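Participant: The structure's right below; bear with me while I get my questions together.
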Ligand code: AMP
Ligand code: GLY
């Protein structure tokens, strides 16, 4: 088969790494990819907002299966674009329809869906410019901290958590007046949930699903979960507190009702669902849906899948997922993200990365990197994820951190406490 993988980050390098291990694959194309994916397949430099350009690649390269990494093209309707184009409508594409992608693309839609199908989530209401006064009043009925969410995609920055009521009311006004552009024309206000977060993933063909390994992500830039939010600074899998009992609550209360809801709403969905969950005293609550895999969670989840990922995709596309084989590695996998100095604010690109060949017993997943004159240079805020296996979390972390010491680039920064909060 010829496979086209869309995306550019560490998530896509991890997916490409795993796809490449399948004996079903003849050619793998990654668009646009990064320096890491160019070692595995052929990078094709197109913009993912240009669906015609994607179609041209599919036709020119005789692609048999498309896998979508990031959310934006899904929210923009790439799956519907394929379905409606007579030239490519028979090419399977892994990702939800535009309506399904609203589970991530509109928080208001996701909350209403959860409420309708009785999926545990924080109590909420949505407001727009016309109902700003009601929004301020709703805030008064809640207690601090106050959670305000831009309805649409806001590059991971659309959630504000505020301790002070007046500040929350002012923020509501600012958001509705365009702080996050179109994305905050509607704002979801919800109750604050106190607990520990984790990410649970499934792949679904729209009728049945396979539970993938769960993971914990470290979102803040600073040690001890301090400072600004990032795309994610590291991850571990499995999550020790996500025991059998907890995961069975997740399946019964969250995953199955979500699939039932998709069926009842007639939402076409063949792809990943990422449940961002809060464990509140042993009970799961949905913080958010994502319609794709997480990054850097993919860099620990995918390495723990032993069976053939392409086979899983083919079953997903054919609506035969219940017959697919999924074998999970019992080992732990950890990843630590190397980032550019200054990230998640201003940072420089174009720093030469050296000593990658010295990495032993870990997998290097490139995120923001680029090849120039036979060398690898930094090309983003998150640069490289170092993933390692171990029979326990400490053994895996030890390998990730030892290899991080070896890799050099100017301004290299990383969190030194990935997984520490999970130790007994
Ligand atoms: P989201 O973009 O919805 O994942 O929100 C970003 C982050 O805000 C989450 O990862 C949580 O840490 C936090 N958060 C969102 N909603 C809530 C909530 N209702 N209670 C507590 N924390 C929340
Ligand atoms: N690491 C969080 C995300 O991918 O949304």
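No value in this document is a laboratory result; all are computed from the given coordinates. On a predicted model such as this, the values are computed, not experimentally measured, just so you know. When we count neighbours, we look across all protein chains shown, and the Cβ atoms used for this are built from the backbone with ideal geometry, even at glycine.
Participant: Suppose we keep only residues that are assigned to a strand (DSSP E or B) and free of Cβ contacts under 8 Å to residues at least 60 places away in the same chain within the stretch 126-151. Which one would you say is farthest from residue 192 (Cα to Cα)?
Facilitator: Ranking the qualifying residues of the stretch 126-151, first place goes to 150.
Participant: Shifting gears a bit: Tell me the residue from 232, 224, 178 that is assigned to a loop (DSSP other than H, G, I, E, B), more than 11 Å from ligand 1 (Cβ to nearest atom) and on the phi > 0 side of the Ramachandran plot, please.
Facilitator: 224
Participant: Look through the stretch 242-256, keep the residues that are touching a residue at least 12 places away in the same chain (Cβ under 8 Å) and under 21 Å from the mean Cα position of the chain (by Cα), and return whichever of them is nearest to residue 395 (Cα to Cα).
Facilitator: 242
Participant: Still on this structure: Could you list all residues from the stretch 187-202 that are more than 16 Å from ligand 2 (Cβ to nearest atom) and touching a helix residue (DSSP H, G or I) at 6+ places or on another chain (Cβ under 6 Å)?
Facilitator: 187, 188, 189
Residue-by-condition table, conditions (1) surrounded by 18 or more Cβ atoms within 10 Å (Cβ to Cβ); (2) under 28 Å from residue 67 (Cα atoms):
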residue: 317; (1), (2): yes, yes
residue: 332; (1), (2): yes, yes
residue: 372; (1), (2): no, yes
residue: 379; (1), (2): yes, yes
residue: 405; (1), (2): no, no
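Participant: Give all pairs with beta carbons closer than 7 Å in which a residue from the stretch 87-113 that is farther than 30 Å from residue 3 by Cα meets a residue that is more than 16 Å from ligand 1 (Cβ to nearest atom); count only pairs at least 6 apart in sequence or on separate chains.
Facilitator: Matching pairs, first to second residue: 113/261.
Participant: Could I ask something else about it? Looking only at residues in the stretch 130-150 that are surrounded by 14 or more Cβ atoms within 10 Å (Cβ to Cβ) and more than 15 Å from ligand 1 (Cβ to nearest atom), which one is nearest to residue 255 (Cα to Cα)?
Facilitator: Filtering the stretch 130-150 for residues that are surrounded by 14 or more Cβ atoms within 10 Å (Cβ to Cβ) and more than 15 Å from ligand 1 (Cβ to nearest atom), the one nearest to residue 255 (Cα to Cα) comes out as 135.
Participant: So which residues in the stretch 280-309 are over 20 Å from residue 119 (Cα atoms), away from ligand 2 (no atom under 16 Å from the Cβ) and assigned to a loop (DSSP other than H, G, I, E, B), if there are any at all?
Facilitator: Those that are over 20 Å from residue 119 (Cα atoms), away from ligand 2 (no atom under 16 Å from the Cβ) and assigned to a loop (DSSP other than H, G, I, E, B): 306, 307, 308.
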